[in-house]
Each structure stands twice: as C-alpha cells, then as structure tokens.
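Accompanying notes for the structure given below.
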Amino acid sequence: MLGDISFKRIDEEKDDLIRLARKIWENPEQGNREFIASDACTELLEKAGFEVERDYGGLPTALRAVYGSGHPVIGLLGEFDALPGLSQKDVCYRDPVVEGGWGHGCGHCLMCSANIGALIALRDEMEAKKLKGTIVFYACPAEETVGGKGAMASGGAFKELDIALCWHPGKFNRSSYSLLTGANSQIFKFYGKSAHAACDPQLGRSALDAVELMDVAANYLREHVPQDVRIHYCIINGGSAPNVVPDYAAVKYTFRALDINTMMDVEKRLHDIAKGAALMTGTRVEVERLGGCYPVLNNHVVADVVDECMRTIPMEEWSTENIEYARKLNETIPEEWKASVAFSKSAPDTQLHVGVMPIDEDNDYGSSDLGDVSHICPSCFYKGACFPIGANFHSWQVAAVTGMEIGFKSMINGARMTALTALRFLTEPELVEKAKEEFARSMTGKKYETMLPDKAEYPPRPVRE
Ligand SMILES: [Zn+2]
C-alpha cells in the first residue's frame, strides 16, 4: 500500500522529530536569525545521512537537502521563525517564559520537523519501491517578516520544482483552493524645506503636508480599486516640533490584493499620488521598497490530492488530557472571536478538530510568502488540526499548544499527509501534468519577479564555542 513504508519510518523517527520541534519551540527566534533552529535541522538531517546545503541562496539560516534524481521534483517547504510578544510556557493559561519575548504563535516550530520526517520516510519508500523522482526539503527563513521565500527565489530556489507542498499547523485538517492576498510594503519619504513656522512660513515647504495629502488621496483611491484590495499606512516620521516646518516626513504603506496585476496597478497609482503630493507641496519624494510577497495561488489539482491523502492517512488521536488542555485554552478566547472563526459552525462540541474539513474555498486576506513559490510552480498550502479550535493564528494560545503533545501529534500527521501526497505525485505522473497545465493557465498574463527590499541585510551567523 502506498505510504506503508513511510508511515512506519515516521513512527520510528517520532522521538527525534519531536525533540527537534521542541528545541525550536524552546528557542523562538526572529526571522533570518533562526540560527538555533537551522543548526538543529541540519543536525537531524545529517544524522539521517543527508547532505545539507547551508546558507542557501545567501540567506544565513536557509537550508536545502535533496533525495533522489529526475522528475517529478517535489518540494517540501518548512519555516521556523517566531513572533514578538507571544512568549508562552506550555501551560493552558497566559504565562510568558520571557515577558514581552518571542514565541511560536503561528506554530512554525513544527513545520521543519514535519517535512524532515516526510523526507526521511520518502527516501525509504522510494528506495524500496524503486520510485523515480526527487524530493527537495527547504528550510525557509523569515516568513513572518520579510518573506524569505522571495529572497530564496531571487537566488534561483524553487525553479527546480514540479510541485511545492507546504503543510502549516492550523485549526482544522483542511486542504485549500483559497487565494491569499499578496502584500507589498514601501516607505514614501518626502523632503521639503524647514523654516520658522510662525515668522517665515512662506520660506518653508512642509514634508508633513505632503504625507497628509498623500494619505488623503490614498483614502479616496480606496473607492476605485477592486474589493479585494487592502491599503494600510502609518506615519513613521511627522517632523519634530509644530513651530518648525518639517523638512522631512515619511509614511509607510502596505498594500494587498488577491491578484499580482491588481497589486502592481495599486502600486503605480500610489506612486502617482506620492508624486502629486510632492508637486502640490513643493517637496521631493523618494520611495524605499521594503519587499513583499505574491498572492498565494493554491493549485486545485494539488489541493485535491492533498485532500484525498488527508482522508487516507492514519491520524494521531487526541487523548482526554489533550482535549481538556484545549478546553481550558478555548475558555480564554472571547466569544466574539470564536464566532469570527466559525467556531460553532464547524464543530460545536470539539476542543480540537477531528476528521477532515471540506476543501477551503474562502479567500484569505492575510498573506504568506508561499505566494512567491505558487507563482513559480504548482503549490498547495494546507493545514493540519493543531490549535484549540477557537484560537486564531498569531496568538499565545497557539504558542501554548505547539511545544507540547498536541502540537507534536499534529506535526506527525503533517509528516504523513506530506509524505503520502508526494508519493501520489511520484507514482501518478499524469497528476503532475494536470497540475502544471492548471498552473500555466493561472499564470496567463502574469510573470514572476521577486519583490526584494532595496536593502537586504542579513545578520552574520553567531560564533559559538
Ligand atoms: Zn504561519
């Protein structure tokens, strides 16, 4: 049976995979500084006999490890960065390890373990069954901040792939057809002339006026963009004293849309607005690009295979203690928040999801740098039941479950889902072709170029004794 060897191997690797996940959870690190996580992944991969490419694509924590040869080439994408302010012990009440510190409130601590488990398992099954094809594991840094996958892609990553798979812990076991918005962040810097605001206002040219006029115009723009566009801004420099005409002011924008061409149109119009604001105020504008990510295009062919595999794999069962722990966490979540995440609709009496939800078709207004990969090859971003069912992404309740048994069971399920999905593509080449045909259709009129920041600076790897 397809997957039998893989599932057995994942069970044998369980202790090491859990140790790795726990280590990453105990050492929550900021994007592009995931040195402990990157070293721990390398150690486990090397122990399992893989050669690991470190500093992949020039990113100090990115990794690549490969098994097999020839097509199809299947990518397994893991992440390992944490979030600020979500430090949390593995207890079912709010108790940070470090007050205000970092924590795994999105569960990325589980993603590399799940994928390394799948990689090790797939090697066994491919060897035993003489399956042709290549499995590539990537550890992808900085998903939460600058979009590490785009930076990796600019170095040529993911071009080798026929299919990309990205399992992420979530509320439900659920595959996805959804689109997620892309996001692009830029700082508009205005330069004017300072003057005494009371004695010589005629000599001044206010950079703050330019920022305010830009923001007013951007708010008018909202009425004339498609419904899926989101525009957010904050003024990051508005001068320093009311009696001095500000000669410098800056505003940071993030804009999003479900289609890359819409995003590019919004960008052009915001740039025109900024030029108009500069012209009106006699100032000059410069734009600094902070980078961003593409909208996620979930490939329906891949999503269907993921869904079928989720329904086939043996799932870890929640113990009475797991359910009780989740129940206490669910109690800490406000009712209106639970309602907003379809708590009651999906599973009224469940603290942790059991089973497989129908494939998600609702679009999502958050963003993921998997969007970049999904514009390079057919991709799927699918979730595994892990969170207390009322909890949302980026919450301390998620950090409270991802370093203990609930998270580890979800990670093992994720390894199985990913391994079986990869095996389906390795053994059914017509599925790969169908996924590629759909990908080609979805890319009509679009092209992929990374949205790299103007200044990409990576911290050096720390020296250890
Ligand atoms: Zn995440």
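Taking a probe of 1.4 angstrom, what is the accessible area of E212 in Å², to the nearest 10?
Surface open to solvent at E212 totals about 100 Å².
What FRET efficiency do you get for V91 and K47 if R0 is 35 Å and r is their Cβ-Cβ distance, rounded to the nearest 0.05?
On the way: r = 31 Å, r/R0 = 0.89.
In this case the efficiency is close to 0.65.
Under the rule of at least 5 residues apart or a separate chain, name every residue whose amide H is placed under 5 Å from the amide H of D364.
L179, L180, T181
Hey, what do the phi angles of segment 2-19 turn into as Karplus ³J(HN,Hα) couplings, whole Hz, using 6.51/-1.76/1.60 and θ = phi - 60°, x for Gly and Pro?
Per residue, the Karplus-derived 3J(HN,Hα) values read 4, x, 4, 5, 4, 4, 5, 5, 4, 4, 5, 8, 3, 4, 5, 5, 5, 4 Hz.
For the chain, what is the relative contact order in percent, using Cα pairs closer than 8 Å and at least 6 residues apart in sequence?
On the way: 1107 pairs, mean separation 111.7, N = 465.
Normalised by residue count, the contact order of the chain is 24 percent.
Let me test this: with uniform point scatterers at the alpha carbons of segment 164-305, what is the Debye-based log₁₀ I(q)/I(0) at q = 0.10, 0.13, 0.14, 0.18 1/Å?
The Cα Debye sum returns log10 ratios of -0.45, -0.64, -0.71, -0.96.
Mark the label point 7 Å from the Cα of E438 along Cα→Cβ and return the residues of segment 276-301 whose backbone N is within less than 13 Å of it.
Those under the cut-off are 297-301.
Restricted to Cα positions, what overall size does segment 347-465 have along the principal axes? Three whole-Å values, descending.
Principal-axis extents of the Cα atoms in segment 347-465, largest first: 46, 45, 33 Å.
How large, in Å, is segment 84-142 by the Kirkwood hydrodynamic radius built from its alpha-carbon pairs?
About 14.2 Å for segment 84-142.
Please work out how much accessible surface W396 shows to a 1.4 Å probe, ignoring ligands, DNA and RNA, in Å² rounded to 10.
Roll a 1.4 Å probe over it and W396 shows about 40 Å².
Which value in deg cm²/dmol, rounded to the nearest 500, describes the helix-derived mean residue ellipticity at 222 nm for the chain, given -39,500 (n - 2.57) per DSSP H run of n ≥ 4 and division by the residue count? It would help to have the intermediate numbers written out before the result.
On the way: 14 runs with 182 residues, N = 465.
Helix-only estimate at 222 nm: -12500 deg cm²/dmol.
Long-range amide H contacts for H394: which residues qualify at under 5 Å (H placed 1.01 Å from N, peptide plane, sequence gap of 5 or more or a different chain)?
Under 5 Å from the amide H of H394: C106.
What percent does the relative contact order of segment 341-465 come to when contacts are Cα pairs within less than 8 Å and at least six residues apart?
Relative contact order of segment 341-465: 26 percent.
Amide H of G291: which non-local residues (sequence gap of 5 or more, or other chain) have their own amide H closer than 5 Å, using H built in the peptide plane?
Under 5 Å from the amide H of G291 lie the amide H atoms of S185, D454, each far enough along the sequence or on another chain.
Roughly how far apart, in whole Å, are the Cα centres of segment 235-272 and segment 426-448?
The two parts, judged by their Cα centres, are 37 Å apart.
Just how far, in whole angstrom, is segment 105-139 from segment 22-65 if you go by their alpha carbon centroids?
One Cα centre to the other: 15 Å.
For segment 65-165, max minus min Cα coordinate along each principal axis, in Å, sorted largest first?
51, 32, 15
How high is the FRET efficiency from T332 to A197, r the C-beta distance, R0 41 Å, rounded to 0.05?
0.25
Zone of V225 (label point 7 Å along Cα→Cβ, backbone N under 19 Å): which residues in segment 430-451?
Residues 451 fall inside that zone.
Pop out the carbon and sulfur fraction of the accessible area of segment 1-116 as a percent, whole number, probe 1.4 Å.
Carbon and sulfur: 49 percent of the exposed surface of segment 1-116.
In nm, give the distance between the simple-model label positions of R289 and C234, each being 7 Å from the Cα along the Cα-to-Cβ direction.
Result: 2.4 nm between the two label points.
Just how large is the dipole of segment 250-289 about the Cα centre, in debye to the nearest 20, putting +1 at every Lys and Arg Cβ and -1 at every Asp and Glu Cβ?
100
Apply the Karplus parameterisation 6.51 cos²θ - 1.76 cosθ + 1.60, with θ equal to phi minus 60°, to every residue of segment 110-115 and state each ³J(HN,Hα) to the nearest whole Hz, in sequence, with x for glycine and proline.
9, 6, 6, 4, 4, 6
If you build the convex hull over the alpha carbons only and average its shadow over all orientations, what do you get for the chain? Give it in nm² to one decimal.
Answer in nm², one decimal: 23.9.
For segment 217-229, what does the Karplus curve 6.51 cos²θ - 1.76 cosθ + 1.60, with θ = phi - 60°, yield as ³J(HN,Hα) per residue in whole Hz, taken in order and with x for Gly and Pro?
Values, residue by residue: 5, 5, 5, 5, 4, 3, 6, 10, 10, x, 4, 7, 6 Hz.
Can you check how the C-alpha radius of gyration of segment 1-90 compares to 2.2 N^0.38 Å, as a plain ratio?
1.23
Kindly report the accessible area of the chain per residue (heavy atoms of protein chains, probe 1.4 Å, no ligands, DNA or RNA), in Å². Intermediate values should be presented prior to the final figure.
Details: 19260 Å² over 465 residues.
With all protein chains present, the chain gives 41 Å² per residue.
The values are calculated or read from the model by the stated rules, or taken from the named source; none is laboratory data. Nothing here was measured: the structure is a model prediction, and the numbers come from that model. Ideal geometry is used to build each Cβ from the backbone, glycine not excepted, and the neighbour counts take in all protein chains shown. Calculation scope for accessible area: heavy atoms of the full protein, side chains included, ligands and nucleic acids excluded. Shrake-Rupley method; radii C 1.70, N 1.55, O 1.52, S 1.80 Å.
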